[in-house]
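This report refers to the structure that appears directly beneath it.
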Amino acid sequence: MDENPALTPETAHMPKREKLVIIGNGMAPGRMLEVLLDLAPEKYDIAIFNAEPRVNYDRILLSPVLSGEKSFEEIIIHGDGWYIDHGITLYKGHKVVEIDRAAKLVRSEHGAVEAYDRLVIATGSLPIIIPVPGATRPGVLTYRDLDDVTAMLLASKSRGDAVVIGGGLLGLEATAGLAEQGMKVTVVHLMPTLMERQLDASAGHLLAKALERRGITVLTGANTKEIMGGTHVTGVRLEDGREIPASLVVMAVGIRPNIALAKQAGIETHRGIIVDEQLRTSDPAIFALGECAEFGGATFGLVAPLYEMAKVLAATLADREAAFAPAATATKLKVTGINLFSAGDFADAPGREEIVLRDAARDVYRRLVLEDDRLVGTVMYGEVSDGVWFFDLIKSGAPVGAMRETLIFGEAYASGAPLDPMAAVAALPDEAEICGCNGVCKGKITAAITSKGLTDLDGVRAHTKASASCGSCTGLVEKLLQLTLGETYLPGKPAGICPCTDLGHGDVRRLIIARELKTIPDVMQALQWKSSGGCAKCRPALNYYLLATWPGEYKDDAQSRFINERVHANIQKDGTYSVVPRMWGGMTSANELRAIADVVDKFAIPAVKVTGGQRIDLLGVRKDDLPAVWRDLNRAGLVSGHAYGKALRTVKTCVGTDWCRFGTQDSTGLGIRLEKFLWGSWTPAKVKLAVSGCPRNCAEATCKDVGVICIDSGYEIHFAGAAGLDIKGTEVLGHAKTEDEALEIIAGLIQLYREQGYYLERIYKWAKRVGTDTIRQLIMEDRERRQALLARFIHAQKFSQTDPWAERAMGAEAHEFSPLADLSRLEAAQ
Amino acid sequence: MSVDMIDIGRVDDVPLRGARLVQTAMGPLAIFRAEDGALYAVDDRCPHKLGPLSQGIVHGHHVTCPLHNLVIDLRSGEALGPEGGCVKTYPIEARAGRILLDVSALRRRGAA
Ligand code: SRM
Ligand SMILES: Cc1cc2nc3c(=O)[nH]c(=O)nc-3n(C[C@H](O)[C@H](O)[C@H](O)COP(=O)(O)OP(=O)(O)OC[C@H]3O[C@@H](n4cnc5c(N)ncnc54)[C@H](O)[C@@H]3O)c2cc1C
Ligand code: SF4
Ligand code: FES
């Protein structure tokens with residue numbers, strides 16, 4: 001770069017600048033330069049040597065590049081333009097091979113030489129290669145830089161087998177990424193549980209299960225003995241003799257500070273390059289920064305402390321006072337769909353207490369470790385949104401006694417008088433760091449929102465990088481958006497169910513289970529409902545959640561149901577009702593039709609219509625007549641069709657092998673079987689099924705909540721279709737060989753939906769929210785879980801398969817169907 | 001103004017957070033019993049499109065109309081929300097477990 005700003009006319013008269021040389025262009029020096037250029041833009045001429053042939057990029061986002069979620073361009077921190085703008089000379093692909101301390105010079109392997117007044121060594125770390133036979137065979141990779149990712153992506157094209165050695169953060173991110181690329185991956189981990197440095201055994205176990213559900217094999221307590229193969233790897237042999245075939249082996253067993261260059265120059269080193277509080281090495285003109293530095297006997301492998309070092313070094317280089325003091329760190333595994341967070345120190349020790357929350361049904365695990373009334377560590381799996389808050393409590397060391405009881409439920413429920421998180425964020429000073437990964441402070445975010453006219457999270461991410469890395473500060477960034485934009489900001493996170501509460505559906509469902517809330521008044525009390533009796537929106541939702549969570553135990557609250565579900569008929573615009581009897585799989589008979597005809601005559605029912613759901617609707621029935629109409633219909637075997645319920649509606653079928661020349665299976669029979677198995681169950685929203693006998697699909701199965709297409713080899717099961725307000729074709733859930741298997745899959749799916757769906761959320765919307773892949777994995781790839789779901793469904797059905805019409809024809813809920821008093825004659829007489 | 005309270009039934013016959021109907025020559029009346037036991041009598045006709053309010057969900061001292069979700073304050077008969085509207089209310093009280101309704105007000109409704 002010949003445009004040395006020191007020589008341009010404007011600056012020529014200024015005192016000669018000092019020369020700052022940096023070895024290594026990773027994340028730590030990148031951050032240091034940003035701060036330094038702010039503090040003292042004119043002080044130095046800067047040159048950087050980087051062994052990697054590229055600009056500074058966000059190393060922690062290599063995993064999203066590996067999994068295909070991001071491109072390299074998206075993770076660049078400083079593009080070429082940035083170096084030019086700041087007059088910095090960047091030697092790309094120049095590895096420094098010598099520091100001449102006497103002459104104050106450095107030299108690269110290609111012979112470039114720079115003299116320095118001050119030198120920064122920021123050479124990062126080197127991946128550890130375990131010295132087993134075969135470790136250097138082609139096909140064995142490490143995971144550290146973009147070249148490693150490129151090599152892995154290339155290898156994954158084969159879609160073959162891969163072994164990742166090391167079940168820590170890096171190893172698991174590599175594992176998930178390779179699996180995402182279509183490889184069959186086995187993780188080999190020496191310790192008994194995964195990520196043992198960040199997670200306790202319980203969370204490690206949940207993590208292993210989640211990975212296994214993705215088809216990944218997890219071997220813990222497994223020691224690698226040899227990497228097999230000839231000119232290329234063919235597999236890994238373990239100590240116990242097992243052999244795992246692999247065309248790619250990734251070693252991710254740890255890192256070692258890269259100190260060779262410093263050592264060779266005679267600078268004092270231990271595990272890392274020893275530095276003082278100002279990051280100065282044993283040579284006062286030389287500093288060390290980042291993973292290669294060792295302070296107080298510790299080295300650091302996460303960006304947050306390295307960024308802290310960067311700030312201190314920038315201040316030191318700008319001749320200001322600053323001192324490095326390492327703080328607690330937090331870890332998050334960046335694998336989409338797996339939520340995991342840990343912070344602080346969570347080891348068992350005398351004098352420590354722990355609080356644990358588990359929700360086995362939904363794989364939620366939380367552990368808090370307290371010492372002297374202060375939070376010192378946390379491990380969270382599943383639901384991690386409170387991680388930032390816990391981490392703040394750890395860092396601040398504030399006493400938590402007052403909110404101990406509810407601490408585990410997180411910020412929203414922690415104190416009797418709910419602390420206002422908004423006010424807390426508003427009170428933060430502008431310098432408060434919001435995004436730890438990217439070191440973005442509050443002032444920078446609010447300034448970007450105002451000056452760039454940003455209106456949403458994506459905008460803030462694009463302009464400031466806040467919340468763009470590990471995402472754990474997303475909640476804070478959203479609060480800043482809300483504070484800065486006021487009413488106009490519509491957050492993307494789930495809003496409260498209704499004005500009676502700020503809690504979203506997910507929170508409420510979770511808390512009903514966690515706190516064993518069993519009545520609507522209990523829920524309202526415990527979760528601090530803001531209205532006394534709820535409203536027409538939250539009460540039906542709560543009634544459903546309680547019913548679905550505590551089958552057989554919870555007593556249905558009729559007054560919290562919409563009128564249709566209360567009286568088991570559909571209200572019409574004139575206050576009359578419609579009656580739709582079940583016609584199993586759309587089949588009917590002369591006897592049923594005769595009963596319907598008789599009822600129509602007897603009660604002078606004004607309209608009879610064939611519905612779009614393959615059954616018959618009697619419209620305009622007077623409410624008082626309903627029990628008598630049902631009694632007559634019951635006599636012919638006709639029961640409620642639940643056309644009014646958030647429940648199983650119709651199962652449409654086609655004629656199938658019984659009659660059709662193309663039929664491959666008994667679609668009518670399967671439809672009837674499904675309907676008889678599923679009827680009566682309450683669901684978050686209505687559920688409609690269809691079974692078609694062949695791919696001609698006459699029952700329109702591919703736009704239903706659940707659809708089955710019969711084929712020669714069995715049953716193709718579809719789900720998440722829509723054909724009402726939205727139109728959407730179904731997704732394939734999986735294949736079943738037998739009717740029994742189809743039934744098990746479908747009932748499992750419906751139970752999962754019953755447990756996870758938000759009230760009024762149809763299956764296609766639920767699937768969109770939680771991910772069709774996730775659902776597919778849970779149902780199709782985890783037989784054990786599916787059978788557990790099936791068992792819970794069968795249990796719940798015990799309490800719901802009674803015909804509500806028969807009960808009412810026998811006199812139940814009689815008050816619904818008769819007036820309290822008739823004053824018409826009395827009035828007329830007067 | 002004359003008052004003519006007549007007994008129309010037992011308080012317990014109206015479900016808590018629910019309603020019952022009373023037929024009158026001028027059309028149905030909805031008798032509501034709020035969560036706290038308060039009784040209300042209003043015309044069973046929503047100001048919006050005549051929906052039967054007695055079939056709605058009762059919450060606090062309000063009912064949500066079953067047809068299009070208008071919320072009525074039972075104490076005043078006023079509809080909440082920008083569209084507004086109002087339904088007529090009648091004097092009603094509980095005494096010794098029985099419900100007393102002022103039928104003179106009903107007659108005045110007929111006359112009005
Ligand atoms: C009777 C029927 C129309 C007909 O004459 O054919 C009908 C009638 C009503 N539908 Fe429907 N739907 C009927 C088939 C359908 C179908 C077709 C189907 O099931 O194959 C659909 C599209 C598929 C679907 O479910 O998405 C359909 C999509 C809807 C929707 C839109 C739902 C959505 O989330 O997109 C509503 C509105 C709602 O549920 O909130 C609705 C709501 C209604 C309501 C309940 C409106 C209401 O709240 O009063 C109507 C009640 C009439 C009554 O009293 O019986 N109806 N409705 C059909 C009854 C089928 C049955 O035998 O039970
Ligand atoms: C896949 C992956 C995921 C990660 N995820 C997270 C995470 O989620 N959270 C977190 O906090 N941390 C994470 N980390 C760790 C984090 O990326 C590192 O702590 C951080 O990048 C270290 O910064 P650094 O500047 O010290 O070193 P580096 O970023 O490693 O930079 C060192 C640079 O120096 C160059 N170099 C070395 N020797 C020489 C030489 N002699 N001459 C010239 N150049 C040289 C190297 O080529 C390299 O480019 C992750 C790391 C990886 C690899
Ligand atoms: S489409 Fe459905 S909801 Fe609409 S008018 Fe027809 S029956 Fe009613
Ligand atoms: S009739 Fe009551 S809201 Fe429409």
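The values are calculated or read from the model by the stated rules, or taken from the named source; none is laboratory data. Treat the numbers as computed from the prediction; the structure is a model and nothing was measured. Cβ atoms come from the backbone with ideal geometry, glycine included; neighbour counts cover every protein chain shown. Ligands, DNA and RNA are excluded from the accessible area calculation, which covers all protein heavy atoms including side chains. Shrake-Rupley method; radii C 1.70, N 1.55, O 1.52, S 1.80 Å.
Tell me the carbon and sulfur percent of the accessible area for the stretch A:648-795, rounded to whole percent, probe radius 1.4 Å.
Whole-percent figure for carbon plus sulfur exposure: 52.
Taking each residue of A:553-562 in turn, how many C-beta atoms of other protein chains fall within 10 Å of its C-beta, and what is the average?
Whole-number average of other-chain Cβ neighbours for A:553-562 is 2.
Before anything else, pin down the relative contact order of chain B: Cα pairs under 8 Å, at least 6 apart, normalised by residue count, whole percent.
Result for chain B is 27 percent.
Tell me the angle of helix A:474-485 to the major Cα principal axis of chain A, expressed in degrees between 0 and 90 and rounded to the nearest ten.
With rounding to tens, the tilt is 80 degrees.
Just to be sure I understand: if you take the accessible area of chain A alone plus chain B alone and subtract the pair, with a 1.4 Å probe, what total do you get in Å², rounded to 100?
Using a 1.4 Å probe, the pair buries roughly 2500 Å².
Between the stretch A:390-413 and the stretch A:770-824, what is the separation of their alpha carbon centroids in Å?
Each part reduced to its Cα centre gives a spacing of 39 Å.
What number comes out for accessible area per residue over the stretch A:339-419 if the probe is 1.4 Å? Units Å², please.
43
So, counting K/R as plus one and D/E as minus one, what does the shell of residues with Cβ under 12 Å around residue A:169 add up to?
Neighbour charge sum, excluding residue A:169 itself: +1.
Would you pull out the residues with amide H under 5 Å of residue A:607's amide H, same chain only if 5 or more places away, H placed 1.01 Å from N?
Those qualifying (amide H under 5 Å, at least 5 residues apart or on another chain) are A:619.
So how tilted is helix A:201-213 from the main axis of chain A? Cα-based, degrees 0 to 90, rounded to 10.
With rounding to tens, the tilt is 70 degrees.
Please work out how much accessible surface residue A:430 shows to a 1.4 Å probe, ignoring ligands, DNA and RNA, in Å² rounded to 10.
Here the residue's solvent-accessible area equals roughly 90 Å².
Taking 8 Å as the Cα distance limit and 6 or more residues as the minimum spacing, I'd like the relative contact order of the stretch A:129-253 as a percentage.
For the stretch A:129-253, the relative contact order is 36 percent.
Classify the protein assembly as shown from the C-alpha gyration tensor, please: rounded if a/c falls under 1.5, else prolate or oblate depending on whether a/b exceeds b/c.
Prolate, since a/c reaches 1.5 and a/b exceeds b/c.
Under the Karplus relation 6.51 cos²θ - 1.76 cosθ + 1.60, θ = phi - 60°, what is the ordered set of whole-Hz ³J(HN,Hα) values for the stretch A:650-659, x standing for Gly and Pro?
Values, residue by residue: 9, 10, 7, 9, 10, 6, x, 5, 4, 9 Hz.
Output the relative contact order of chain A, whole-number percent, from Cα pairs under 8 angstrom with separation of 6+ residues.
Details: 1616 pairs, mean separation 54.5, N = 830.
After rounding, I find 7 percent.
In degrees from 0 to 90, rounded to the nearest 10, what is the angle of the helix A:538-549 Cα long axis to the longest principal axis of chain A?
90
Rounded, prolate or oblate for chain B? Axes are the square roots of the Cα gyration tensor eigenvalues, ordered a ≥ b ≥ c, and the cut-off for rounded is a/c under 1.5.
Oblate, because a/c is 1.5 or more while a/b does not exceed b/c.
If you keep only loop residues by DSSP, which trypsin sites (Lys or Arg not before Pro) in the stretch A:95-181 have at most 12 other Cβ atoms within 10 Å of their Cβ?
Working: sites: A:95, A:101, A:104, A:107, A:118, A:144, A:157, A:159; in loops: A:95, A:101, A:104, A:144, A:157, A:159.
Taking the stretch A:95-181 and a limit of 12 other Cβ atoms within 10 Å, the loop trypsin sites (Lys or Arg not before Pro) found are A:157, A:159.
GluC sites (Glu not before Pro), restricted to the stretch A:42-127: which are DSSP loop and have at most 15 other Cβ atoms within 10 Å?
Taking the stretch A:42-127 and a limit of 15 other Cβ atoms within 10 Å, the loop GluC sites (Glu not before Pro) found are A:42, A:69, A:109.
Applying the Karplus parametrisation 6.51 cos²θ - 1.76 cosθ + 1.60 with θ = phi - 60° to the phi angles of the stretch A:571-588, what ³J(HN,Hα) value in whole Hz is obtained for each residue in order, glycine and proline being reported as x?
Once θ is set to phi - 60°, the couplings for the stretch A:571-588 become 6, 10, 4, 9, x, 7, 10, 10, 10, 10, x, 5, 10, 3, x, x, 8, 9 Hz.
So which residues in the stretch B:45-64 end up with at least 50 square angstrom less accessible surface once the other protein chains are there, compared with the chain by itself, probe 1.4 angstrom?
SASA drop of 50 Å² or more in the stretch B:45-64: B:55, B:57, B:59.
Given +1 on the Cβ of Lys and Arg, -1 on the Cβ of Asp and Glu, and no further charges, what dipole in debye does the protein assembly as shown carry about its Cα centre, rounded to the nearest 20?
Numbers: 107 positive and 118 negative charges, 517 e Å.
For this selection, approximately 2480 debye.
For the stretch A:648-795, how many pairs of lysine residues have a Cα-Cα distance under 26 Å, where the two are 8 or more positions apart or belong to different chains?
28
Shape of the stretch B:24-72 from its Cα gyration tensor (a ≥ b ≥ c, root eigenvalues): rounded if a/c is under 1.5, otherwise prolate when a/b > b/c, or oblate?
Oblate, because a/c is 1.5 or more while a/b does not exceed b/c.
Given only helices, namely DSSP H runs of n ≥ 4 each adding -39500 (n - 2.57), what is the per-residue ellipticity at 222 nm of chain A, to the nearest 500 deg cm²/dmol? Spell out each step's value before the answer.
Numbers: 28 runs with 264 residues, N = 830.
Taking each H run of at least 4 residues, the total per residue is -9000 deg cm²/dmol.
If amide H atoms are built 1.01 Å from N in the plane of the peptide, which residues on other chains or at least 5 residues away come under 5 Å of the amide H of residue A:708?
Close amide H contacts, sequence-distant or interchain: A:690, A:691, A:692, A:718.
Run lengths n ≥ 4 of DSSP H only: what is the helix-derived mean residue ellipticity at 222 nm for chain B, with -39500 (n - 2.57) per run over all residues, to the nearest 500?
After summing the helix terms and dividing by residue count, I get -2500 deg cm²/dmol.
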